[in-house]
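Peer 1: Just passing along the structure, written as structure tokens.
The values are calculated or read from the model by the stated rules, or taken from the named source; none is laboratory data. This one's a predicted model, so the numbers in the text were calculated from it and none came from an experiment. Please note: Cβ atoms are built from the backbone with ideal geometry, for glycine as well, and neighbour counts cover all protein chains shown. Areas reflect the complete protein model, heavy atoms only, side chains present, ligands, DNA and RNA absent. Shrake-Rupley method; radii C 1.70, N 1.55, O 1.52, S 1.80 Å.
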Amino acid sequence: MCLAVVPFALVLAAASPAPSQPPVLADALALGAGVRAFRAGAYDEAIKELRRAHARHLNNDDYAQFYLAEALLATRAFDEALSLYKTVSHIRESRFATIARWRVADALWDAQRTPAAVAEYQVLLKAKTPSTEAARAWMRVGTAALANKDTATARAAFGSVVVHFATHALAKEAQTRLQALTAKPADTDMAASALPASLRIARARRLSDQHQWSTAIAELEALQQGLTPQEAALRDFVLGQAKYRSRTDYAGASRLLYQAVPLLPEKEAVWAAFHGARALSRADRDDEAIAGYLRFVQRYPKSSFTAEAQFLAGWLDFNQGRFAAARPALRETVNRFARSPFAIDAAWYLAMGAYFANDLTGALRDLAAFAAIAQKGGKQRLWPADRVTYWRARIFERLARQTEANALYTQLGTEQPLRWYGLLATARLREQKLPDPLHLPVGKANVAPLDAKALRDPALLRVDELLAVQLHEDAGYEIERAATALLKRLGRAKGLMAVITRSNAAGVWAKSYRLADLFGSDALAYRPQGDVRLVWEAIYPLAYPDLVKKYGPPAGNPEHYLHAIMHKESGFDPRVISYADARGLLQMIPPTSRKVAQLMNQPYSDEDLLLPEPNVRLGATYIGSLFKKFRQQMPLSAGSYNAGPGAMMRWLDRFGTRPTDEFVELIPYEQTREYSKRVCSIYARYRYLYAGERYVPPLQLDPNYSREEPNY
């Protein structure tokens, strides 16, 4: 048993210990002092404090040993540092076990024990041991090989950095060294063209995978001469992919992808043919895209993209308001691809197409067909049952069957009062001066207080100790690592309580949100009070409150709006990077963030977006400006944040005279359409939970958006 058992109650104590506290707590506090000293570069102070902490064998002795080793290495005490790194590398449950293995190699290198260091690096690299410093390891392997005149190993090592770590700070040096090894002796002016075309294409593909699209595009556009037909096709394919994914030149992406198809391997040819059509659609060349999708269906009848291509051919006609023209392709999707996830989408658009074409009887029939497909377990979208109930009510209302419509509105407002269609139903009832059906009953949540045995769980002892010594970020990391196991060991009720309370204390919210949503969301059916409120607040937390309060309201954001966006975008995880390179808490995209920072006359780097403060600062400014631009209408401002204000302006120009429910349903991008609904629903829960207020969307939209910036 560890000697320093720090009760969770001490988490809330002041940072510095009172004189009356027991010596063992003072020794525990040495851990926090030592880690902070190391991070501040005060290595001698860190060594003194961490030796003291290590001597007490704390619950987090691996922290004491690892950071002591780091401080010793910084002061060139190699032997003791190596011994500590090796010890930590064998503590399987430690977060430092893997990195300590790399640090053994680093310490050997710094001690100029080069053969031993290279041997360690090669073992780690061969096993693909996770690390952020593999590029440095390859450079050192290459440097050592070059010193030993082993040019083959050096070339392979530097090539690994060039291709696989193209964005690393060492990539340029690796490329220079590789060029020197590749060039003929007579070469005096080394250019990038000295690298083989295959290597340059592989490098560009890696850059694209790392979201460095502009660099990948420049690399490939400079690669024009001396290519075999197969290399030229591969170059066009990778360049087309980069342009498509960067969303900068959809027309060019389509041309390149189609151009590459004949000489590509089957798998890549199929991808290029499908996305060639998709790029045309995103370039607003919908008729050409429809023709491309139909050609794809004919040429690749058994591809994994075929059902989607068939569906999209009809969907594009629908989005142009050509509801009758859309029906054949949509009907073919339902009939031919009934087991695909796109059959349910096609069935939905058939129903809505009939509704917008004023075929209300046909719309009721097609809604019933959609409901039947949804019940069979097709691809689920946003609350299919809610959608059917709401749009049946709207059809009844248009058919002058108001009593039947109101009964469905009341049912929906009672069963799902805080979800999108329940909010719309409530707005419809309010319009008629009918009562709000919201009434949540009193209930219980699946959480329970921790008993003495649970409090002695090793993972909780580690977390509580880190909290007590003011290492909150580390405590947050440990509770996230331990959360799933805690639920198994303590049981779901106690485990959830432990995760929620420790996450709140540590100032991290992502893991407790995910677990509460997964295992405790039944509590959302009840009134938020007592333990039920604890779960509500875990699922809808006031995360990063100081930042949100500082930057949200001054930028024009209503209270809780940024939290609703943060909930939907990142689930409160500041480290998230999306496939589209959206980053951090509010999933800001680098080009947009760069423009916002320029307008604010503030410094900027892409890496800043993974830090809470700059992400919220820039995001609040941009989101608030969109909220103002679209007249404080949340369905529009939220949708514009997802798709861009330019797209929202186009949709308002086309459909802005329609009521809110119809307009949102006509948003062409499924992701944006469901995003708008979801953010409004989340915001409604935040307002209900923290302000005791009801949010319902307006039934009529103001289509007169501001022409001022932002238009990006």
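Peer 1: For the subset of region 160-215 comprising residues that are hydroxyl-bearing (Ser, Thr, Tyr) and at pLDDT 85 or above, which member is nearest to Leu125 (Cα to Cα)?
Peer 2: Ser160
Peer 1: What tally of residues in region 281-314 results from selecting those that are aliphatic (A, V, I, L, M) and open to solvent by 50 Å² or more (accessible area, probe 1.4 Å)?
Peer 2: The total comes to 1.
Peer 1: Ok, one more. Residues in region 422-454 that are assigned to a helix (DSSP H, G or I), in contact with a helix residue (DSSP H, G or I) (Cβ under 7 Å, 6 or more places away or on another chain) and in contact (Cβ under 8 Å) with a residue 24 or more places away in the chain: how many?
Peer 2: Looking only at that region, the number is 7.
Peer 1: Would you tally the residues in region 323-339 being surrounded by 15 or more Cβ atoms within 10 Å (Cβ to Cβ) and either touching a residue at least 40 places away in the same chain (Cβ under 8 Å) or not in a helix (DSSP H, G or I) (or both)?
Peer 2: 2
Peer 1: Quick check on this structure: which one of Leu652, Leu689 is outside any loop (DSSP other than H, G, I, E, B) and over 22 Å from Ala425 (Cβ atoms)?
Peer 2: Exactly one of Leu652, Leu689 is outside any loop (DSSP other than H, G, I, E, B) and over 22 Å from Ala425 (Cβ atoms), namely Leu652.
Peer 1: Before we move on, is Thr361 assigned to a helix (DSSP H, G or I) and either under 21 Å from Ser676 (Cα atoms) or in contact with a Pro (Cβ under 7 Å, 6 or more places away or on another chain) (or both)?
Peer 2: So Thr361 does not fit the description; no.
Peer 1: Something else now. Name, by its number, the condition in (1) closer than 21 Å to Asp457 by Cα; (2) open to solvent by 60 Å² or more (accessible area, probe 1.4 Å); (3) modelled with pLDDT under 75 that does not hold for His57.
Peer 2: Checking His57 against (1) closer than 21 Å to Asp457 by Cα; (2) open to solvent by 60 Å² or more (accessible area, probe 1.4 Å); (3) modelled with pLDDT under 75, the one that fails is (3).
Peer 1: While we're here: Name the one entry in Val11, Val5, Val35 that is modelled with pLDDT under 95 and buried (at least 17 other Cβ atoms within 10 Å of the Cβ).
Peer 2: One residue alone meets the criteria, Val11.
Peer 1: Sort out which residues of region 235-267 are open to solvent by 40 Å² or more (accessible area, probe 1.4 Å) and under 17 Å from Ser198 (Cβ atoms), and write them in order of number.
Peer 2: Once the filter is applied, which keeps residues that are open to solvent by 40 Å² or more (accessible area, probe 1.4 Å) and under 17 Å from Ser198 (Cβ atoms), region 235-267 yields Leu263, Pro265.
Peer 1: Assess whether Val499 counts as being among the aliphatic types (A, V, I, L, M), in contact with a Ser or Thr (Cβ under 6 Å, 6 or more places away or on another chain) and in a helix (DSSP H, G or I).
Peer 2: Considered against the rule, which asks whether it is among the aliphatic types (A, V, I, L, M), in contact with a Ser or Thr (Cβ under 6 Å, 6 or more places away or on another chain) and in a helix (DSSP H, G or I), Val499 comes out as yes.
Condition check ((1) part of a loop (DSSP other than H, G, I, E, B); (2) among the polar types (S, T, N, Q)) across all residues:
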{"site": "Val35", "(1), (2)": "no, no"}
{"site": "Lys48", "(1), (2)": "no, no"}
{"site": "Arg52", "(1), (2)": "no, no"}
{"site": "Ala81", "(1), (2)": "no, no"}
{"site": "Thr87", "(1), (2)": "no, yes"}
{"site": "Glu93", "(1), (2)": "yes, no"}
{"site": "Arg103", "(1), (2)": "no, no"}
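Peer 1: Could you tell me whether any residue of region 412-419 is touching a residue at least 24 places away in the same chain (Cβ under 8 Å), open to solvent by 10 Å² or more (accessible area, probe 1.4 Å) and not basic (Lys, Arg)?
Peer 2: yes
Peer 1: In this structure, is Arg205 free of Cβ contacts under 8 Å to residues at least 60 places away in the same chain and open to solvent by less than 30 Å² (accessible area, probe 1.4 Å)?
Peer 2: So Arg205 fails the test.
Peer 1: Out of Glu120, Glu133, report the one residue that is charged (D, E, K, R) and modelled with pLDDT of 95 or more.
Peer 2: On inspection, the qualifying residue turns out to be Glu120.
Peer 1: Which pairs do you get when a residue that is closer than 17 Å to Ala216 by Cβ, found in region 161-179, comes within reach of a residue that is open to solvent by 80 Å² or more (accessible area, probe 1.4 Å), reach meaning Cβ atoms under 7 angstrom, with the pair 6+ apart or on two chains?
Peer 2: Going by the 7 Å Cβ cut-off, the qualifying pairs are Val163/Arg206; His164/Arg206; Ala166/Arg206.
Peer 1: Still on this model: Have a look at Pro441, Pro435, Pro449, Pro458 and point out the one that is more than 28 Å from Glu674 (Cβ to Cβ), in contact with a Leu (Cβ under 8 Å, 6 or more places away or on another chain) and surrounded by fewer than 17 Cβ atoms within 10 Å (Cβ to Cβ).
Peer 2: On inspection, the qualifying residue turns out to be Pro435.
Peer 1: Take Ser89 and decide whether it is open to solvent by less than 60 Å² (accessible area, probe 1.4 Å), in contact with a Lys or Arg (Cβ under 6 Å, 6 or more places away or on another chain), touching a residue at least 12 places away in the same chain (Cβ under 8 Å) and among the hydroxyl-bearing types (Ser, Thr, Tyr).
Peer 2: Yes, satisfied.
Peer 1: Counting just the residues of region 658-681 that are over 29 Å from His439 (Cβ atoms) and polar (S, T, N, Q), which one comes out least open to solvent (accessible area, probe 1.4 Å)?
Peer 2: Only one residue tops the list, namely Thr672.
Peer 1: Which residues, taken from region 541-556, are outside any helix (DSSP H, G or I) and open to solvent by 10 Å² or more (accessible area, probe 1.4 Å)?
Peer 2: Leu542, Tyr544, Gly556
Peer 1: Moving to a separate point now. What number goes with the only condition from (1) within 26 Å of Met648 (Cα to Cα); (2) at pLDDT below 95; (3) small (Gly, Ala, Ser); (4) buried (at least 20 other Cβ atoms within 10 Å of the Cβ) that Ala343 does not pass?
Peer 2: Single failed check for Ala343: (1).
Peer 1: Ok, one more. Picking from Leu239, Leu227, which residue would you name as being part of a loop (DSSP other than H, G, I, E, B) and on the phi < 0 side of the Ramachandran plot?
Peer 2: Leu227
Peer 1: Something else: Which of the residues spanning region 462-496 are in contact (Cβ under 8 Å) with a residue 60 or more places away in the chain and open to solvent by less than 30 Å² (accessible area, probe 1.4 Å)?
Peer 2: Asp464, Glu465, Leu466, Leu467, Ala468, Val469, Leu471, Asp474, Glu478
Peer 1: A further question follows. Please find, among Leu626, Leu609, the residue that is part of a helix (DSSP H, G or I), surrounded by 18 or more Cβ atoms within 10 Å (Cβ to Cβ) and more than 16 Å from the chain's Cα centre (by Cα).
Peer 2: None of the others qualify; the one that does is Leu626.
Peer 1: In addition: Within the set of pairs 6 or more residues apart or between chains, which connect a residue that is under 30 Å from Ala525 (Cβ atoms) and open to solvent by 40 Å² or more (accessible area, probe 1.4 Å) inside region 682-710 to a residue that is in a loop (DSSP other than H, G, I, E, B) and of a type in the set (Lys, Arg) with Cβ atoms less than 7 Å apart?
Peer 2: That search, which allows pairs on different chains as well, returns Tyr688/Arg694.
Peer 1: If you go through region 560-580 one residue at a time, how many are of a type in the set (S, T, N, Q) and in contact (Cβ under 8 Å) with a residue 12 or more places away in the chain?
Peer 2: Looking only at that region, the number is 1.
Peer 1: Kindly list, by first and then second residue, each pair from a residue in region 227-253 that is closer than 19 Å to Gln210 by Cα to a residue that is of a type outside the set (D, E, K, R) and open to solvent by 40 Å² or more (accessible area, probe 1.4 Å), limited to pairs with Cβ atoms under 6 Å and residues at least 6 apart or on different chains.
Peer 2: Going by the 6 Å Cβ cut-off, the qualifying pairs are Asp236/Gln259.
Peer 1: Okay, next question. Take the residues in region 497-529 that are surrounded by fewer than 19 Cβ atoms within 10 Å (Cβ to Cβ) and free of Cβ contacts under 8 Å to residues at least 24 places away in the same chain; name whichever of them is farthest from the chain's Cα centre (by Cα).
Peer 2: Ser521
Peer 1: Give me the residue from region 361-387 that is open to solvent by less than 20 Å² (accessible area, probe 1.4 Å) and either of a type in the set (A, V, I, L, M, F, W, C) or within 28 Å of the chain's Cα centre (by Cα) (or both) and, out of that set, modelled with the lowest pLDDT.
Peer 2: My answer is Pro384.
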